[in-house]
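Participant: One structure coming up, written as structure tokens, with questions to follow.
The values are calculated or read from the model by the stated rules, or taken from the named source; none is laboratory data. Just so you know, these numbers come straight off a predicted model, no measurement behind them. Cβ coordinates were reconstructed from backbone atoms using ideal geometry, including for glycine residues, and neighbour counts include every protein chain displayed.
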Amino acid sequence: MRPAKRTTSRDVAKLAQVSRTTVSFILNNVPGVSISAATRKRVLNAAKKLNYSPNIAGKKLVSGKSYTIGLVLCQSPEQIFTDAFLLQVILGVEHAAIQQGFHVLLKPVDPGDAGGYARLITENHVDGILLSGPRQNDTALMNLHRQHVPILLMGQLPETDIPFVDVDAAAGAELAVNHLIERGHRRIGIITNAPLEYTSAQQRRDGYLQALKKSKLPINKALIKEGNYTPASGFEAMQALLQRTPRVTAVFVASDVVAMGAILAIKQAGLRIPKDIAVIGFDDIPLAEYYDPPLTTIRLPAFGLGWAGGERLIRLIQGDTLDQENVFLKSELIVRKSSFENMLPN
């Protein structure tokens, strides 16, 4: 007598008419991910009907696997450990790995180190790479992809077929700038989260430009300044914006961490937030609510982003076919006092 076929998450997804990633989010109760109550109920009912329970250990892998994924961060260690958003992402990756019996090897890689990815595979014996902060023209990464090394991006590289998880950063940035426009601002600056060689910085800049174009506001390239992940870079960029005449009345800072420096520069110039200059950030790190003043920002599901990246990479390592190659998570506008003077206390 043949054994009964084991129910899988694919069966649950098919019955509930959602993706396997959505099933995983719900059944693992991943925090910070926007899923409707109706979808959540449908998945839970499908799992109950099929008597499904997750296989925590994951599939049995072929001999020689290390059960380790390499989390590659294209930033310096100093930048990584001052970025509160990234720490939440790392926590999400770690939780996904633990649930499948995997380890995580955290590896900062200098963007100029062309051999960094290959050494991660050959010397550290990881089974695949989860890369945060992809850059354009990354030949080392593309070489590994052509060698069929399992790779998943947090962020995206247009015109490649490397699967990714991401937020719609351009839409989030447009939402942020529209909020400022609705508050009556017309001279709005931007400080990017990173140099514009990074796709995340390009996308947030593009959302800023799109909001201005749709509102028929002039685009002044002098009001576009680059940050570099740190408060110090935000401080310097904001100082440069304050030298412009007429002065900006609002600034969109595409990273809450970078916004810390921008806020300090505004205060040192003797200006008030938001009466003289409104400020809006991006990420909604835990400290954003406790800035002075509390920071209006775009909330991203940092933990969920890391969890989805780790979970999907492990499925690639196990030889699974992803039900959808790419996943976009939702963002939302969180309004606080840095952009709206008459806000009530949180």
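Participant: Could you list, in sequence order, all residues of the stretch 326-338 that are of a type in the set (Val, Ile, Thr), part of a strand (DSSP E or B) and more than 17 Å from residue 128 (Cβ to Cβ)?
Facilitator: Passing the criteria: only 334.
Participant: How about the stretch 239-256: which of its residues are in contact with a helix residue (DSSP H, G or I) (Cβ under 6 Å, 6 or more places away or on another chain), farther than 16 Å from residue 185 by Cβ and in contact (Cβ under 8 Å) with a residue 40 or more places away in the chain?
Facilitator: Listed by number, the residues that qualify are 254, 256.
Participant: Kindly indicate whether residue 89 is modelled with pLDDT of 80 or more, assigned to a helix (DSSP H, G or I), assigned by TED's automatic domain parsing to the domain that holds residue 325 and within 24 Å of residue 299 (Cβ to Cβ).
Facilitator: When the stated conditions are applied, residue 89 passes them.
Participant: Going residue by residue through the stretch 94-105, is there one that turns out to be aromatic (Phe, Trp, Tyr) and over 30 Å from residue 261 (Cβ atoms)?
Facilitator: Within the stretch 94-105, one or more residues are aromatic (Phe, Trp, Tyr) and over 30 Å from residue 261 (Cβ atoms).
Participant: Would you please list the contacts, defined by Cβ atoms under 6 Å and residues six or more apart or on different chains, that run from a residue in the stretch 277-292 that is closer than 19 Å to residue 204 by Cα and charged (D, E, K, R) to a residue that is at pLDDT below 95 and assigned to a loop (DSSP other than H, G, I, E, B)?
Facilitator: As it stands, the answer is 283/300, since those pairs meet every condition given.
Participant: Can you name the number of the only condition in (1) assigned to a loop (DSSP other than H, G, I, E, B); (2) under 23 Å from residue 211 (Cα atoms); (3) of a type outside the set (A, V, I, L, M, F, W, C) that residue 270 fails?
Facilitator: So residue 270 meets the others, but not (2).
Participant: What helices (runs of 4 or more DSSP H) lie completely within the stretch 131-239 and have 2 or more residues being assigned by TED's automatic domain parsing to the domain that holds residue 295 and either surrounded by 15 or more Cβ atoms within 10 Å (Cβ to Cβ) or of a type in the set (Lys, Arg) (or both)?
Facilitator: 169-182, 199-214
Participant: Take the stretch 92-113 and flag every residue that is assigned to a helix (DSSP H, G or I) and out of contact with any strand residue (DSSP E or B) (no Cβ under 6 Å at 6 or more places or on another chain).
Facilitator: Within the stretch 92-113, 92, 95, 96, 98, 99 qualify.
Participant: When you go through 56, 26, 35 one by one, which is the residue that is at pLDDT 80 or above and not in a helix (DSSP H, G or I)?
Facilitator: 35
Participant: Please count how many residues of the stretch 288-325 are in a helix (DSSP H, G or I) and over 17 Å from the mean Cα position of the chain (by Cα).
Facilitator: Looking only at that region, the number is 6.
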